[in-house]
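The values are calculated or read from the model by the stated rules, or taken from the named source; none is laboratory data. Model, not experiment: these values are computed from the prediction. When we count neighbours, we look across all protein chains shown, and the Cβ atoms used for this are built from the backbone with ideal geometry, even at glycine.
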Amino acid sequence: MVWHKIKNVKMLIKNYEYEITLVIDFIKEKFKGQDKLFEYIKSMGDIVVFGGVPRDLIFFKRNEIRDIDLVITDINNQIIEAIIGNKKNRKTRFGGLKCTINKTPFDIWALNDTWSFNHRKFKYKVRFENLPKSVFLSIDALIVNINTKQLIDYNFKKNFEKKIIDIIFEPNPFPALCVLRSFKYSKKYNFKLSDKLQAYIHSYLNNTYNVIEELSKMYISHYGNLSSPICYMFPEIKKYLSNALIK
């Protein structure tokens, strides 16, 4: 992150209209040549762009966007048939679709299938505006609704201005990935981890058997092959692990 641009980034966050336009134009670009598919999905209900794309466009990291998360009103048989024409496209175990459109990976799922919405500790109603409250990290807590042209965040702006990454909703099916993403985004954006997030990491490391192996497997599964041992890629692990073991 080139932090001498921080004033411009803050202006982007305040100017939601401009940021919304950035996201919508980006998504339309990724559906180029697939206009009928895009309009068909849009006609079936709201399309919401989740987390990574709005965040990385704000941070001028457009070229680092790996994939696109879209949440839609529902996934019916017609949408499945329209998207899963390619054998590389498939349904996920959570009921969504993992697919490639114009060489760009997409994860698409129905609002009701959002994991946190089905967790007993999630206290909010199943609505698009509550998606930012369903994420683990505050750095993911924003959405853009393409249909209504709204940007909604939950503590994203507050933590951004403090340069802190915090926990929004703690229950998560992939704690190893939560830890890795915490370190990854802390380094990428030069943000500090909140006390609550540091405590979560300590607890995970202290209560996980073969934690280095688990973190390594998760990294390979999510990001690809390790270029070096996980503790060299993320030196913070040793510090947190040592502190956890000393307790």
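Tabulated data for the structure shown
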| read-out | value |
| --- | --- |
| Among residues of the stretch 156-180, those that are surrounded by 16 or more Cβ atoms within 10 Å (Cβ to Cβ), in a loop (DSSP other than H, G, I, E, B) and either in contact (Cβ under 8 Å) with a residue 40 or more places away in the chain or not acidic (Asp, Glu) (or both), counted | 3 |
| Selection count, the stretch 115-155, where residues are free of Cβ contacts under 8 Å to residues at least 60 places away in the same chain and either in a helix (DSSP H, G or I) or outside the structural domain of Asp25 (by TED's automatic domain parsing) (or both) | 10 |
| Any hit, the stretch 208-218, residues being closer than 29 Å to Phe26 by Cβ and exposed (fewer than 12 other Cβ atoms within 10 Å of the Cβ) | no |
| Residue that is farthest from the chain's Cα centre (by Cα) [pool: residues in the stretch 181-222 that are in a helix (DSSP H, G or I) and under 14 Å from Asp140 (Cβ atoms)] | Leu197 |
